[in-house]
Protein chains: 4
Amino acid sequence: MPAPRVPVELREFPEPDLPAGGALLRTALSEVCGTDVHLWHGRLSGVPYPIIPGHVTTGTLDKARGTLTDVQGNALAEGDRLAFFDVHRTCGKCLACTAHRTPTRCPSRRVYGITDSAADGLFGGWAQKVYLEPGVVVAKLPDRVTFEDYIGGGCGLLTSVHIIERAKIVLGDTVVVQGAGAVGMSAAALAKKSGAGLVIVIGGPQTRLDLALDMGADHAIDLDTTTAEERLARVMDLTSGLGAGVVIEAAGSPRAFEEGLLMARNGGAYVIAGHYTNTGNSTVNAHEHINRKHLDIRGCWGSEAGHFLRALQVLDRYRDEIPWHRVGARTYGLTEINEALKVAESLAIPKALVDPWR
Amino acid sequence: MPAPRVPVELREFPEPDLPAGGALLRTALSEVCGTDVHLWHGRLSGVPYPIIPGHVTTGTLDKARGTLTDVQGNALAEGDRLAFFDVHRTCGKCLACTAHRTPTRCPSRRVYGITDSAADGLFGGWAQKVYLEPGVVVAKLPDRVTFEDYIGGGCGLLTSVHIIERAKIVLGDTVVVQGAGAVGMSAAALAKKSGAGLVIVIGGPQTRLDLALDMGADHAIDLDTTTAEERLARVMDLTSGLGAGVVIEAAGSPRAFEEGLLMARNGGAYVIAGHYTNTGNSTVNAHEHINRKHLDIRGCWGSEAGHFLRALQVLDRYRDEIPWHRVGARTYGLTEINEALKVAESLAIPKALVDPWR
Amino acid sequence: MPAPRVPVELREFPEPDLPAGGALLRTALSEVCGTDVHLWHGRLSGVPYPIIPGHVTTGTLDKARGTLTDVQGNALAEGDRLAFFDVHRTCGKCLACTAHRTPTRCPSRRVYGITDSAADGLFGGWAQKVYLEPGVVVAKLPDRVTFEDYIGGGCGLLTSVHIIERAKIVLGDTVVVQGAGAVGMSAAALAKKSGAGLVIVIGGPQTRLDLALDMGADHAIDLDTTTAEERLARVMDLTSGLGAGVVIEAAGSPRAFEEGLLMARNGGAYVIAGHYTNTGNSTVNAHEHINRKHLDIRGCWGSEAGHFLRALQVLDRYRDEIPWHRVGARTYGLTEINEALKVAESLAIPKALVDPWR
Amino acid sequence: MPAPRVPVELREFPEPDLPAGGALLRTALSEVCGTDVHLWHGRLSGVPYPIIPGHVTTGTLDKARGTLTDVQGNALAEGDRLAFFDVHRTCGKCLACTAHRTPTRCPSRRVYGITDSAADGLFGGWAQKVYLEPGVVVAKLPDRVTFEDYIGGGCGLLTSVHIIERAKIVLGDTVVVQGAGAVGMSAAALAKKSGAGLVIVIGGPQTRLDLALDMGADHAIDLDTTTAEERLARVMDLTSGLGAGVVIEAAGSPRAFEEGLLMARNGGAYVIAGHYTNTGNSTVNAHEHINRKHLDIRGCWGSEAGHFLRALQVLDRYRDEIPWHRVGARTYGLTEINEALKVAESLAIPKALVDPWR
């Protein structure tokens, strides 16, 4: 991706010399996520174009200089099926990393496929091989978890593990998820698995809602065929007029934020997790929506290595029940990559995958 | 108070027949708080005018039918100096009271001086005697705590004990308090006593700020002589550019809410506790202010019996260090009550007190 | 139950005069739980024998004086299928009820079937009709939930809802449940529904373990055929040598407590919920088991009205997946009640039910 | 310290070649803490004797290879007064560091003065110069904080910041601190500064108790002149018979653990932070002490970089009110080091300091 708003180009890079502890991953699958569309639109600041996109990626260990190990110190072998945590650096020392316990806000944070220039190395999954920098958190895929499972979950699953941690769902809580993209679907699936009494997904189009229902949602409300008033009425109807104990915003729209404030019940929680770029302002009434409601609103940014490791456990446990492999709806080769971006931009399918060897 | 926007009248009521477990308090001091001004402005819905205002009140036990006891079962004697929790009914059974753990949102909640008609009895502290309904939470004032201490704290102190519980201050956190009224001053004082590294109060006029500094604030920013930009710059300057770990909104202004969102640091918390009436909308950017900041926003409504009991402990512990008695700046007799309301409306003094026997 | 260690007798009581707000329940099913065996053994102090046992009970509304309502204020009609919360009084005012947020430790707490003498009224579910005191928390059974479902869950389900709240399971945590009685089985089932990555139940006999597996446990370890070392080795084996993120003690044995301390991982949590009577001391090494492990140990006593209300939601949601009706293995009529107690004492079946009309 | 139980020897080491990012600290003061006595007694396993003891140390920057920066990226200059976090390595990747959020349980954790052999470099503060490995968390001492303040707080202060985080003190809670050593005194001081309603320290000898009172404790109970029954009675007397909301164990004795369980109130919390070595077993009754009490017991191991950074804020804020400089009672030169160890072993003074240049 040479720059925003221009076509992605194919470039060839020499295979890098590996430092001690470094490794190369042979890419099996990467994804086109919403962030990649934002990158293409130039909506993120400070991106050192040209970049190699693809922040969540899976494949096999191609080669390592020295012994590559997983987080428990087990040696990994060439050919092992691997996943790695896409945040490849946080400082571990700053106030955000330590006293504030919010490493996703570390000023030194670097993310594959986003913060590194193509000149710096193979830091993106749309390349056939990805450079695993020393210190990157690497894990073997559990035996039962396919590449398609993992990448179908992708960054949306990691984000969702974080969202669910922030949501603190108590047995029986009704959960509303705003958004039926990769984040919303995983959040709905995990909310159900975390004890939600009822999971309601709001989004569209209908094909995504059907998938959301298959992922575990109990009800789906079509954004395209309802008014805000109807959606609110539906949620109130499903919650005996109380509103939802937990609302999860995974839509990225200022209007969604305004709606969600109305849908949460007194003493409920509202996790804001879809606003990864600035899409405009919302109008909020601090009295009606927050103070009198005794509401908790919790922003949720990025994910941590722990969420990545838990995501693998989640995939291992639930892959038979939750069809993550269907989220990654279609796979594109490198020559089709601009088409993949356009499909992702159009939201026509839940997620486009990238197989750079195809 | 016969109705909104008309002068308060003096009326005489017969001394009530007490049911078993009921009691009468001889009022020593009550207060004119912001809510009383809102009541007078007709800004609260569902108020059964005429009412006897005065929700937080202290005095001596006049008489009881049967033995009145405190919460630990100790008998109270006539003449004992008492305080009581102004929320005299919550159901204890509804979802808000039980599963949701938010009794201040109980639909059956009733509050002295606000929710009961004068026709229902002496449910307000601007009366010379107040009816203590069976079941009301009653406590002896600790020996060292004067009527002036207690009523200087008043409802603002109870609210602040709840705010501090919600704020979860960690040792060393910088705390910004927006508002230098009775709530803001107590919140600032208790923030300092809860381990805040630095307490900054924003408000006015200067006399209130001086009192806030005497109550424990480290810095005071005058709302009247600064711009929003200057206030933000000051907070950033005092926090090494990070923003405050905790911001407490006790101002009740939509602009304050907007400012506070900018003042909180990444991963910080923002307690919204000043919006007891609807004063209009705020403009919020979910990306900039919440999602990317990984911010917690926590509405805080009313107070619970536990906050009342802790407030008494707080007064007992800190009354020598925190000059609550100075918050109640001037005391008015019943014939001066309309003057007291006007003074409270004008914010000229931190709090007007009422001595209905004067 | 006239006194400890003597046979339970059948007595007839006149139908009580109902006060305003009081009601009578026509018992459908009650249970013989572990507490009833403790009562029979005289292991609880302060019990005002003779008592009518049966603390968790379900049936139909026989008659009410005035309109009986559920917690949301909906009127209940004669013939409605009801459940009620067996804790019929807590004061709502003491430090335990308020400031300490632990109403199950209220000194005034009274529980059906345990704390009320038969002379005080029909306060136990082994009677054909149960007196619903004004103020008791009453709820309609959800349409899909049968009497057998509800009573199969019974007090063990309520306790388990509380346990799960205390356990704060995070997605992927391994959970070990010690004990395969009514509490242990429900705790295992709900742990799985709350996102546990793996649920291991330790107990016996094999029939109970089989039921525990059907309720949702992934692994069962037979207490009767293994040594403590073998059990620990098995748990370590299933957790990559780390130990369990959450251990739940629902066994009531000092040896179980000692074992559980070894099974919890560093930074894990251990909920102690099975020691409802004093069964002796445990030997604990504060260095090895707590301090160095950075372990959380959380006692869990009784349940609150909110847990009762959530239990009904849980039954409604999961009754098709979790066979609670099988926990109540056999139903006894009043003339068989001493036999039922002996069966319960022998632990031969998970739970004996009581149908006082049979 | 060549080996356990033999005298500490003076050895000379060449000044090390610094790698990029490495630095040398010119020691001003180090300490002899309880852990050093344990090291000398050989009570810690896996220690690679010979070692250079002294894990918490302060001094001036001697020289750096490249620019040494603090955690916010500010450059440090030669001669700057510095402190550094004694845990110089945790992996940041393992389950303990990430998913479990307990980095003090990281298997790769290394600590100055304890885990590194003298053959590996100058990793201990009893040396005149200390090697600051690249990646060590370094901070300037706040201007007002003297070397004596910092080292008087020392590792006990860091541990106490962690303890207070675990204790979650709510305004008005009574706090009992068991132990009047460096940890206990700092914990008592910080408990008071965190809103404790009453702080009671149990320990001895009287000189330490006097200092604890000066540090902020409200009451001190002398371990040497009281029986366990008297101590419990005293705590109950000071808490209206309820027991303490929070008990902090900083004594390291199995008997203290048993006593503390009795002193905590229903629904209270007990932080176990003094058992850094195995001093034997305690006898615990799970029914009486944990289950029925609905008690939280929280092990607390080590401290994190965030606690170190907060400790500096705490020193800056409170150094005028809390006389940490008096905890470091006497300073020893290198030739007196064996005497210092003996004094520390005897508990005759709160803490012995080491000035290796004296």
task: Scan the stretch D:1-28 and report the pairs whose first residue is within 13 Å of D:Gly66 (Cβ to Cβ) and whose second residue is assigned to a loop (DSSP other than H, G, I, E, B), with Cβ atoms within less than 6 Å and a gap of 6+ or a chain change.
output: D:Leu18/D:Arg65; D:Ala20/D:Arg65; D:Ala20/D:Gly66; D:Gly21/D:Gly66; D:Gly21/D:Pro134; D:Gly22/D:Arg65; D:Gly22/D:Pro134; D:Ala23/D:Leu68
query: Counting only residues that are of a type outside the set (A, V, I, L, M, F, W, C) and buried (at least 21 other Cβ atoms within 10 Å of the Cβ), how many does the stretch A:168-216 have?
result: 16
- line: Checked the stretch B:87-121 for anything closer than 20 Å to B:Thr58 by Cα and either touching a Leu at 6+ places or on another chain (Cβ under 8 Å) or among the small types (Gly, Ala, Ser) (or both); matches are B:Gly113, B:Ile114, B:Ala118, B:Gly121
field: Verdict on D:Ala286 being at the interface with another protein chain (Cβ under 9 Å from one of its Cβ atoms) and not polar (S, T, N, Q)
entry: yes
query: Which members of the stretch B:116-132 meet the condition of being surrounded by fewer than 21 Cβ atoms within 10 Å (Cβ to Cβ), on the phi < 0 side of the Ramachandran plot and assigned to a loop (DSSP other than H, G, I, E, B)?
result: B:Ser117, B:Gln128
Failed criterion for D:Arg81 (all others in (1) under 29 Å from D:Ala273 (Cα atoms); (2) in contact with a helix residue (DSSP H, G or I) (Cβ under 8 Å, 6 or more places away or on another chain) hold): (1)
Of residues in the stretch C:151-168 being touching a strand residue (DSSP E or B) at 6+ places or on another chain (Cβ under 6 Å) and farther than 25 Å from C:Leu353 by Cβ, the one nearest to the other protein chains (Cβ to nearest Cβ): C:Arg166
- prompt: Can you name the residue in the stretch A:96-118 that is in contact with a helix residue (DSSP H, G or I) (Cβ under 8 Å, 6 or more places away or on another chain) and among the small types (Gly, Ala, Ser) and is also farthest from the other protein chains (Cβ to nearest Cβ) among such residues?
  reply: A:Gly113
field: Identity of the residue in the stretch A:86-95, crowded, with 24+ Cβ neighbours inside 10 Å and in contact with a strand residue (DSSP E or B) (Cβ under 8 Å, 6 or more places away or on another chain), that ends up nearest to the other protein chains (Cβ to nearest Cβ)
entry: A:Val87
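When you go through B:Pro254, B:Pro323 one by one, which is the residue that is modelled with pLDDT of 95 or more and under 20 Å from B:Ala83 (Cα atoms)?
Only one candidate passes the filter, namely B:Pro323.
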field: Count - residues of the stretch A:105-114 that are surrounded by fewer than 21 Cβ atoms within 10 Å (Cβ to Cβ) and either among the hydroxyl-bearing types (Ser, Thr, Tyr) or part of a loop (DSSP other than H, G, I, E, B) (or both)
entry: 3
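For (1) at the interface with chain C (Cβ under 10 Å from one of its Cβ atoms); (2) more than 26 Å from the chain's Cα centre (by Cα); (3) in a helix (DSSP H, G or I), each residue gets a yes or a no:
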position: D:Arg208; (1), (2), (3): no, no, yes
position: D:Leu213; (1), (2), (3): no, no, yes
position: D:Asp237; (1), (2), (3): no, yes, yes
position: D:Ile248; (1), (2), (3): no, no, no
position: D:Gly252; (1), (2), (3): yes, no, no
position: D:Glu258; (1), (2), (3): yes, no, yes
- request: With the condition kept exactly as written, say whether any residue in the stretch D:20-38 is touching a Ser or Thr at 6+ places or on another chain (Cβ under 6 Å) and charged (D, E, K, R).
  value: yes
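Return yes or no: is C:His325 within 14 Å of C:Ala182 (Cβ to Cβ) and assigned to a helix (DSSP H, G or I)?
When the stated conditions are applied, C:His325 passes them.
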Residues (surrounded by fewer than 17 Cβ atoms within 10 Å (Cβ to Cβ) and more than 19 Å from the chain's Cα centre (by Cα)) located in the stretch C:13-41: C:Phe13, C:Pro14, C:Glu15, C:Pro16, C:Asp17, C:Pro19, C:Ala20, C:Gly21
query: When only residues in the stretch A:313-341 that are at the interface with another protein chain (Cβ under 10 Å from one of its Cβ atoms) and of a type in the set (D, E, K, R) count, which is nearest to A:Ala269 (Cα to Cα)?
result: A:Arg317
field: Any chance B:Glu165 is in contact with a helix residue (DSSP H, G or I) (Cβ under 8 Å, 6 or more places away or on another chain), surrounded by fewer than 24 Cβ atoms within 10 Å (Cβ to Cβ) and among the acidic types (Asp, Glu)
entry: yes
statement: In the stretch C:295-313, anything of a type in the set (S, T, N, Q) and within 19 Å of A:Gly197 (Cα to Cα) is listed as C:Gln313
message: Every residue in the stretch D:159-177 that is touching an Asp or Glu at 6+ places or on another chain (Cβ under 8 Å) and under 18 Å from D:Phe308 (Cα atoms), please.
response: D:His162
- prompt: Where residues in the stretch B:267-298 are in contact with an Asp or Glu (Cβ under 7 Å, 6 or more places away or on another chain) and in a loop (DSSP other than H, G, I, E, B), which of them is nearest to B:Thr174 (Cα to Cα)?
  reply: B:Ala273
task: Go through the stretch B:75-93 and count every residue that is at pLDDT below 95, on the phi < 0 side of the Ramachandran plot and assigned to a loop (DSSP other than H, G, I, E, B).
output: 3
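Taking the stretch D:171-201 only, how many residues are within 12 Å of chain B (Cβ to nearest Cβ) and in contact with a strand residue (DSSP E or B) (Cβ under 7 Å, 6 or more places away or on another chain)?
9
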task: Determine which member of the set C:Arg81, C:Arg65 is charged (D, E, K, R), in contact (Cβ under 8 Å) with a residue 24 or more places away in the chain, more than 13 Å from every other protein chain (Cβ to nearest Cβ) and closer than 26 Å to B:His88 by Cβ.
output: C:Arg65
task: Show the residue pairs that are 6+ apart or on different chains and have beta-carbon atoms under 7 Å apart, the first residue being within the stretch D:266-282 and closer than 11 Å to D:Val247 by Cβ and at the interface with chain C (Cβ under 7 Å from one of its Cβ atoms), the second being of a type in the set (Gly, Ala, Ser) and assigned to a strand (DSSP E or B).
output: D:Ile272/D:Gly299
task: Could you grab me the full set of residues in the stretch A:289-312 that are of a type in the set (Asp, Glu) and more than 14 Å from chain D (Cβ to nearest Cβ)?
output: A:Asp296
Test result for C:Asp149, part of a loop (DSSP other than H, G, I, E, B), charged (D, E, K, R) and touching a Phe, Trp or Tyr at 6+ places or on another chain (Cβ under 7 Å): no
query: Residue check: is A:Asp143 without any contact (Cβ under 8 Å) to a residue 12 or more places away in the chain and either surrounded by 21 or more Cβ atoms within 10 Å (Cβ to Cβ) or not hydrophobic (A, V, I, L, M, F, W, C) (or both)?
result: yes
field: Of all residues in the stretch B:215-235 being among the acidic types (Asp, Glu) and part of a helix (DSSP H, G or I), the one that is nearest to B:Ala189 (Cα to Cα)
entry: B:Asp224
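The values are calculated or read from the model by the stated rules, or taken from the named source; none is laboratory data. Values in this document were obtained by computation on a predicted structure and should not be read as measured data. Neighbour counts are summed over all protein chains in view; Cβ atoms, including those assigned to glycine, are modelled from backbone coordinates with ideal geometry.
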